[in-house]
Amino acid sequence: MRISTCLAMVLLLGCGVPGEPGPKGDPGEPGRPGDKGDKGDKGDPGVVEPALTLLTPGQGFAGRSVQVQIAGVGTHFGPGTTVSFADPSLQARMIEVGSRANLRVLVEIGAQAKMGRHDVIVTTPGAGRNGTDEKLTLAGGFAVVPSLVAEAPAPDGRPPSGPQGGVVRVAALNLDLLANPLSEPRVISGGQVIGDPQWSGRRYSATLLLDALAPPGGLRLVLQGKDPLGGEVTYVMDPADRNAPQVSARMPVALALGMPRMGDSFAAPGQTVLYKITAPADEQVLVLTYSGLGTNLLNTQLVGYVAPASGRFAEGRSHRTFTVNMNLLAFDLLPKMGDYYLAVMPSGLGGGTMGYGYTLTARALAAKRLELKEPAMRDTPMAPLVDNLTLDKPHYALDGQIDGDGAGDEDYLRFKAGKTGRVYAVASSSLDVSLALYGPGCTGVPLATGAALLSASVMADAVYCLRIWGFVQRAYELILTQEP
């Protein structure tokens, strides 16, 4: 009975405390691997889109050439592959194919190329899908950079400035000093040097006459000099340089031939007057007469620079004036029919509000060309380079040459005066060329002498001899005429 009661209580309430869990059993053996699945179908091959990946070196100086490597991926470069740029001042030359993904290219960069980054376009005919051309672009892949930087301006912080056909002082520093220090630099674009050129390997400065059609804004100065091996090398300034000289637009004064132009003046120091002249035919000598001179011009020489229709004074000529009574007289050459630009200034660049006015009359006279090519044996007073010339009209020559071998070189021209009056001879504008006028024998005491300019009184039908000589090798041009 007690056992039954206890059992009943166990069934209802449980009897005693549960024991601790037993230890964990050992893991069982791994199961058998499953069967190998069936081989899947082969996937489609991947497609690599052709693209340009790299151009190195990625930049070059304006006005120079640079060899570059162009790399691509998925490309098909071949014998017909071309490389091009949107700017025509950049040209790809000597394209060599190293592989379907590699090119070697010589890039010629013009001095007028746009500064900054340029897209590079590589085209392979027939290498694209369905036989089309494979045309690939590397955006901004090549940069044109300047080799000159404008020197910081004076303390006022403003860069120098001037109008078209005006005068400005330029100073630039060479960014390519280590590889190409400046050597014998000369300005080939931007204007004409008219005074005080100075240079070292690092720096160039000069007084510049801005071209008559120079683009308004920053000046793009272009120099050309010698590299360490004696070859030519070009240096270019970025017109966007914050210190670059600034050019302002100016309308030239129309100068009608034969019509006096009154009221012009040099109203401030360094000021020029810019004219536009039209030659009516080829082979014209320009005659300029300055009259009604202000008091400050009576004892001053004027200097003129003539540019062809391009407006570039470096492509033209310069002249200085003769003093004739109370007037100034100048001669220049207009070889072709068409427009010319004339910039005039006092020789010392003086100017002011009073005493610098004048009246200018321009005439164009038909001229005849002389040939001054020297024979194998030098000419002599007894056998002049030009003989039996009658000076009945202006004559000119473009091919004069002083040999400049250290012992001196002389050219002789014998002529007969067409009328009584004055004769004028102008030999370029270089003071390295000297002139002397003699009687018919070309010897004895000269009637007149001059450095590049000569004027003397002559008698009608009398014979005279012009001697041109120098000690420095120099090409020269000549104008020989009587007063108009």
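The values are calculated or read from the model by the stated rules, or taken from the named source; none is laboratory data. None of the values given here were measured: they were computed from a predicted structure. Because the Cβ atoms are built from the backbone with ideal geometry, glycine has one as well, and the counts that use them run over all protein chains shown. Note: accessible area is taken over every heavy atom of the protein model, side chains too, but ligands, DNA and RNA are not part of it. Shrake-Rupley method; radii C 1.70, N 1.55, O 1.52, S 1.80 Å.
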Quick check: is even one residue across the stretch 174-181 small (Gly, Ala, Ser), closer than 22 Å to Gly231 by Cα, outside any strand (DSSP E or B) and under 16 Å from the mean Cα position of the chain (by Cα)? no
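Yes/no per residue for (1) within 20 Å of Gln59 (Cβ to Cβ); (2) open to solvent by 10 Å² or more (accessible area, probe 1.4 Å); (3) of a type in the set (Val, Ile, Thr):
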site	(1), (2), (3)
Gly131	no, yes, no
Ala179	yes, yes, no
Val187	no, yes, yes
Leu209	no, no, no
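Where residues in the stretch 139-154 are among the small types (Gly, Ala, Ser) and open to solvent by 40 Å² or more (accessible area, probe 1.4 Å), which of them is nearest to Phe77 (Cα to Cα)?
Ranking the qualifying residues of the stretch 139-154, first place goes to Ala139.
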With respect to Gly195, determine if the residue is touching a strand residue (DSSP E or B) at 6+ places or on another chain (Cβ under 9 Å), surrounded by 20 or more Cβ atoms within 10 Å (Cβ to Cβ) and within 28 Å of Lys276 (Cβ to Cβ).
no
Practice item. Determine if the stretch 281-292 includes at least one residue that is open to solvent by 10 Å² or more (accessible area, probe 1.4 Å), out of contact with any Leu (no Cβ under 9 Å at 6 or more places or on another chain) and in a strand (DSSP E or B). Key: no
The residue that is surrounded by the fewest Cβ atoms within 10 Å (Cβ to Cβ), considering only those in the stretch 336-352 that are in a loop (DSSP other than H, G, I, E, B) and in contact (Cβ under 8 Å) with a residue 60 or more places away in the chain, is Gly352
Do we have Leu435 as open to solvent by 10 Å² or more (accessible area, probe 1.4 Å), at pLDDT below 95, outside any loop (DSSP other than H, G, I, E, B) and not charged (D, E, K, R) here? no
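Has the stretch 457-466 got at least one residue that is modelled with pLDDT under 90 and in a strand (DSSP E or B)? Explain how you work it out, then say what you get.
Going residue by residue through the stretch 457-466, those that are modelled with pLDDT under 90 are none.
No; the residues of the stretch 457-466 include none that is modelled with pLDDT under 90 and in a strand (DSSP E or B).
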Might you check whether a residue that is in a strand (DSSP E or B), open to solvent by less than 30 Å² (accessible area, probe 1.4 Å) and not aromatic (Phe, Trp, Tyr) occurs anywhere in the stretch 93-102?
no
Expected output for the stretch 248-259 (first residue touching a residue at least 24 places away in the same chain (Cβ under 8 Å) and over 14 Å from Pro280 (Cβ atoms), partner part of a loop (DSSP other than H, G, I, E, B) and open to solvent by 40 Å² or more (accessible area, probe 1.4 Å), Cβ below 9 Å, 6+ apart or cross-chain) is Ser248/Pro216; Ala249/Pro216
Selection from the stretch 382-400 of residues open to solvent by 30 Å² or more (accessible area, probe 1.4 Å) and either not in a loop (DSSP other than H, G, I, E, B) or not acidic (Asp, Glu) (or both) yields Met382, Ala383, Leu385, Asp387, Asn388, Thr390, Lys393, Leu398, Asp399
Restricting the stretch 230-248 to residues that are open to solvent by less than 30 Å² (accessible area, probe 1.4 Å) and outside any loop (DSSP other than H, G, I, E, B), the one farthest from Asn180 (Cα to Cα) turns out to be Val247
Of the residues in the stretch 104-124, those that are in a strand (DSSP E or B) and not aliphatic (A, V, I, L, M) come to Arg104, Glu108, Gly116, Arg117, His118, Asp119, Thr123, Thr124
* Among the residues of the stretch 142-150, is there at least one that is in a loop (DSSP other than H, G, I, E, B) and either polar (S, T, N, Q) or modelled with pLDDT under 95 (or both)? -> yes
Does any residue of the stretch 194-204 turn out to be within 13 Å of the chain's Cα centre (by Cα) and on the phi > 0 side of the Ramachandran plot?
no
For Ala267, the lone unmet condition from (1) at pLDDT 95 or above; (2) more than 20 Å from Asn327 (Cβ to Cβ) is (1)
key: Verdict on Leu136 being more than 30 Å from Ala267 (Cα to Cα) and crowded, with 16+ Cβ neighbours inside 10 Å   = yes
Check your understanding: Hey, does the stretch 155-168 have a residue that's touching a strand residue (DSSP E or B) at 6+ places or on another chain (Cβ under 8 Å), surrounded by fewer than 19 Cβ atoms within 10 Å (Cβ to Cβ) and without any contact (Cβ under 8 Å) to a residue 40 or more places away in the chain?
Key -> no
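Quick check: is even one residue across the stretch 409-416 closer than 21 Å to Leu288 by Cα and either in contact with a helix residue (DSSP H, G or I) (Cβ under 6 Å, 6 or more places away or on another chain) or assigned to a strand (DSSP E or B) (or both)?
No, the stretch 409-416 has no match at all.
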In the set Gly162, Gly225, Gly195, the lone residue that is within 22 Å of Glu315 (Cα to Cα), outside any loop (DSSP other than H, G, I, E, B) and at pLDDT below 95 is Gly195
